[in-house]
Each structure stands twice: as structure tokens, then as C-alpha cells.
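Asks: Could you have a look at this structure, given as C-alpha cells, before my questions?
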Amino acid sequence: MKLQPTWWLKLAIGSLTLLLLLIGTIAFLMYPAFRSPPLADFPAPASRLEANRQDIAYLRDVLPRLDRSFTPAQWALFHQDLDALREAAGTLDAAALEMGLAKAVARADNGHTNVMGAGWGLTLNSLPLRFYWFADGLYILRADPAYPELPGARVLALNGRAPDELVHLLSPYTGGGPALKRELAVHFMESPQAMQAAGLAESALLSELTLRTSSGDDRVVTVNAIDAPASGPAPARTPLTIMVDPRDLYWPRRDLSPVPLPEEAPFPHPTGEQRPWLHLLDNRSIPISLQHPHRFYWMTGLDDGKILFLQMNAAMDDPSDEPFAVFVNRVLAHVEKEAPRYAIVDFRSNLGGSYQLTAEFTRALPRAMPENGRIFILTSANTYSAGVITTARLKYFSGDRATIVGEPLGDHARFWSEAATRIVLPNSGLRIGYATGFHDWANGCTLRQILICYPANYLLGVAAGDLDPTLPISWSFTDYLAGRDTAVEAVRDQIQRDQDDL
């Protein structure tokens, strides 16, 4: 007699089948986000020509396998660029190869698809000066002690071209939105090698700067480069490296603070002498937002506790501090105990990390704040990747209590991301970021996009709408020099107007 399966056994088999199908579907959708580049398999190059051609061939083979952000037209331009580089490979020095590859990769016009080189301050030489943008122009913040008069000077021209013109001319070397291109152009401008390779300087060893000093005088200064990149040497990597190096978080905005990073070396003067940098804010008052640049997250109270000031410089656990989840619990306990009506959440130096880590925070803080409270979200061109996502989610869950203050974010609300590794070229060692998963934090991912949207977005995604600042404002140089934060002062003014209207 043949036994028939009982109903519960049929149900168990059916449930297991559905579970396996679900797991298989999720694995299929997640797989592109976790593909790693294959190891390069080339013989040792016998010449510059051979070394460069191997790097070009490896990139031509690997990037199209991994990156999903290019359109067919953009891939065509990418291949045209590589064809031209291959023909000139024997004449390309390190800078020319890098800038040529950077231009080809940037054809995707995606912020996560870029050569992680001179634009990130990780390769090529640099001037012994550090620049940053303010509301009224580009200024020198740090300098070799040999140039004590230069911190505080405004850069009117570099090698005969105005800074805004240079941003336009350098934009093809960085994929992403206008804010990101402007931010990273600073590192290109600081490197004579990068500038010469881009056809914007005659010399790879020095630059000529036209400056307006703090006394109001205009002068021309020739400055020699040092043989070190702006953010220090690029760390040794393999294609399978996932760890984040601290210097990957060192964008031009980091130079706003005179507080040295824990791992920062003294100024590497060509003579071998080690001496500290000079910073414009040395021995001056420092705005609270610049006092802890090395901490990934921290909080304090402002105006006798009426305002919670919370800064997040990275969306990841701080290896030298408490885990982020513990920090969030402290924030929520503080809000429950002190009941601040206003919160300022500063994402202006947040380059990203894991938005899954910050997801619960973006829900919990608005819930903890009073119904008549307000949350001011500070953004800049340095708000990038998971920083953009955390901004979007916090705005969404805060509803009409949220106000975005500052400058446009460093990426669009719709972008490609999610590569767990980097492509590493076999001879130059250049690292290339690539993108495998689509994000739409303005409208949310739809079922039509299920083959391209990062699967976690169907669980954590929101339609946050426009992420441009509703209170647009840039840091003024006068405020910066006086130790005031223009954006924080604008929030205080808005709070005072709100209270006057009550």
C-alpha cells in the first residue's frame, strides 16, 4: 500500500520550496553587488609601453564586467579613450596615464565610478599648500612653514587661470554631480603633475599662484611641489581589499580644521626635515563643528541645552570609539532626559560607509524629538554615498520638521554604488571604484527596477524627494576666520525667528 504525504508534510515541502526560491532570487539580485575583480595575469613588463598597455588592457577587460552605471553611449566613449591611450602608451608617464584613465572612467558620470587617485589626494605630487572653497572664493588654509604669509590668502589664479575656470576644465576627470566635481577639483589643483597632464600647467614641479593677501595686496608666487600626494601615500591594496583606510576619508574639507589627524605626519619637507604645518586657525578660536574631525560621531548641547548638536563624519563604527548603536542609544537617552526642541545634525563631512548601520537612527531620532521640534540637517559637497542616504532617510522620517541647510550634496539623489572592492591595476597600482547597484532616494526604487536597484533598498528605501538645501548657505571666509560657523549661525537665526513668531 502506497503511503500518501500528510497535509503538514505537503505544507512543509511547499514552504521550503518557496523559501529556497526566495533565497535564490535574493542571491541572484545581490550577486552583482558583491562580484570582485579577477586577479591580473600578466608577465612582468619589460618597458613602460608594456606596463601601461597591461594596465589599460586589464581595465578594458574588467570594468565592463563589473560596473553597471555606464550607458551604451558612455561605454563607446570609454573604449575610444582607452584606444587613444593604448596608442600613446609608450609616452605616458604616471601622471598622464592616471589622468587619461580618470577621464575614461569618468565617462560614466557617476560619483562612485572614478579613479581613486589625484582627485582624492592619494597619488601624484602636491604643492605644500592646501586650499578650500568659501562663499567668496578659494583660499589657502594650510602651508609649509616656509610660506608663513600665505594662509588666509585668496587664490585669484593658478597658472594664469581662475579657480572657477579650472573647475570647469577639470570636470571631465571626475564622474558625478557638479558639487562633487568642484570639491575634488581642489586636489587636482594642488598637484602640478595632475595639472600638467590635464594640459593646464607647463611644469609638473611647480605652480604659479596669483594671490590676494590678507592685507589686500595682490601678488604672484611660485611654489615648488613636494613629492607626496595631498592626503599622503595611497595605501597598499589588493583587488580583494575591503577595509577603509583613514586617508580615504581625507577630502579637501578636512583641511578646514587645524586639529591634526591622529596618524598625520609632520610636513614632509624635501630636505628631510620634519616640521608641522601652519594652519590659518592656529591659535584662533575654532567652531565647534571643526573641533573633532577625527571622530566618526559625537554630540553636545548648544545654547544651554536647547539645541542638540550631533555630528556624523562617517556612517560606520568608529574603531577608536564606542559602536554606533551604543552612541545612538546615548543620543536617544539624552533627548528623552533633556527634551531639546531643536536638533542640528551635521553631515557636512560624512563621506559614507554603511547606510544599514544608520537606518534605525534615522527613524529613532525624529520619533524621540517633540512633535513641535525641528531637525536641521547640515550638508555639503562632502556629504556623499551613505551620507546622502542617511540625509534622505532622516529628512523623510522627520517630515515637515526637517530643514536641509548648507550646500548641495556630493552626489545626486539617484546614483549607482555598492561595490565592495576596488579594481587595482597591476603595474601602476591605481585603484578604480566601480558601481553595481542603483539607488533612487528621491522617488524610491520600483518593481520595474528590481534587476538594477540594490535589493536592500526595497526594505530600507524611501522616497525623500528633493534633497537640495531648503536653506542654502555657504561658509563665509569672514565667519570662518572669526571662529563662527555660518550654517550653524543661520540655524540659530531661524530658531530665533520661529520663537519670535510664537
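Asks: Within segment 296-381, what whole-number % of the accessible surface is contributed by carbon and sulfur, with the 1.4 Å probe and all protein chains included in the calculation?
Replies: With neighbouring chains kept in place, the figure for segment 296-381 is 49 percent.
Asks: Name the residues whose placed amide hydrogens come within less than 5 Å of the amide hydrogen of Phe131, ignoring near sequence neighbours (fewer than 5 apart) on the same chain.
Replies: HN-HN under 5 Å from Phe131: Leu141.
Asks: What residues qualify as long-range amide H neighbours of Gly305, i.e. H under 5 Å apart, gap of 5 or more or another chain, H built at 1.01 Å from N?
Replies: none
Asks: Moving on to the next point. Relative to 2.2 N^0.38 Å, what does the C-alpha radius of gyration of segment 281-439 come to as a ratio? Two decimals please.
Replies: 1.11
Asks: Another question, then. Pop a pseudo-label 7 angstrom from the Cα along the beta-carbon direction at both Tyr458 and Ala46 and give the gap in nm to one decimal.
Replies: Spacing of the two 7 Å Cα→Cβ label points: 5.4 nm.
Asks: Principal axis lengths of segment 273-366 from Cα atoms, whole Å, largest first?
Replies: 51, 32, 20
Asks: Averaged per residue, what accessible surface does segment 395-502 expose to a 1.4 Å probe, in Å²?
Replies: 44
Asks: Add -39500 (n - 2.57) for each DSSP H run of 4 or more in the chain, then divide by its residues: what number comes out at 222 nm, to the nearest 500 deg cm²/dmol?
Replies: The per-residue figure over the chain is -10500 deg cm²/dmol.
Asks: Give me log10 I(q)/I(0) at q = 0.23, 0.25, 0.31 Å⁻¹ for segment 72-124, Debye formula, one equal scatterer per alpha-carbon, no solvent.
Replies: Scattering profile of segment 72-124, log10 relative to I(0): -0.88, -0.98, -1.18.
Asks: Would you mind computing Rg(Cα) / (2.2 N^0.38 Å) for segment 94-199, counting N as its residues?
Replies: Cα-based Rg divided by the globular estimate yields 1.04.
Asks: In sequence order, what are the phi-derived ³J(HN,Hα) couplings for segment 439-448 according to the Karplus relation 6.51 cos²θ - 1.76 cosθ + 1.60 with θ = phi - 60°, rounded to whole Hz, with x for glycine and proline?
Replies: After applying 6.51 cos²θ - 1.76 cosθ + 1.60, I find 10, 9, 9, 8, 10, x, 6, 9, 5, 5 Hz.
Asks: Could you list the square roots of 5 times each eigenvalue of the Cα gyration tensor of the chain, that is, the equivalent ellipsoid semi-axes, sorted largest first and rounded to whole Å?
Replies: Sorted largest first and rounded, they come to 39, 35, 18 Å.
Asks: Express the C-alpha Rg of segment 391-497 as a ratio against the empirical globular expectation 2.2 N^0.38 Å, rounded to two decimals.
Replies: Relative to the rule-of-thumb radius for its length, segment 391-497 sits at 1.43.
Asks: Given R₀ = 60 Å, FRET efficiency for Lys306-Asp83 by Cβ-Cβ distance, to 0.05?
Replies: The pair Lys306/Asp83 has a calculated efficiency of 0.45.
Asks: Kindly sort Ile450, Ile226 by accessible area of their heavy atoms, largest first, with the probe set to 1.4 Å.
Replies: Largest to smallest exposure gives the sequence Ile450, Ile226.
Asks: Run the numbers for His292 and Arg330: contour at 0.36 nm per residue of separation, minus the present Cα-Cα distance, in nm.
Replies: Answer, rounded to one decimal: 11.9 nm.
Asks: Hey, what's the Kirkwood Rh for segment 145-204 if you take every pair of different alpha carbons, in angstrom?
Replies: So the Kirkwood estimate lands at 12.3 Å.
Asks: Under the rule of at least 5 residues apart or a separate chain, name every residue whose amide H is placed under 5 Å from the amide H of Ala228.
Replies: Ser126
The values are calculated or read from the model by the stated rules, or taken from the named source; none is laboratory data. Remember, it's a predicted structure, so these values are computed and weren't measured experimentally. Cβ: placed from backbone, ideal geometry, glycine included. Neighbour counts: every protein chain shown. Just so you know, the surface numbers come from the protein's heavy atoms only, side chains and all, with ligands and any DNA or RNA stripped out. Shrake-Rupley method; radii C 1.70, N 1.55, O 1.52, S 1.80 Å.
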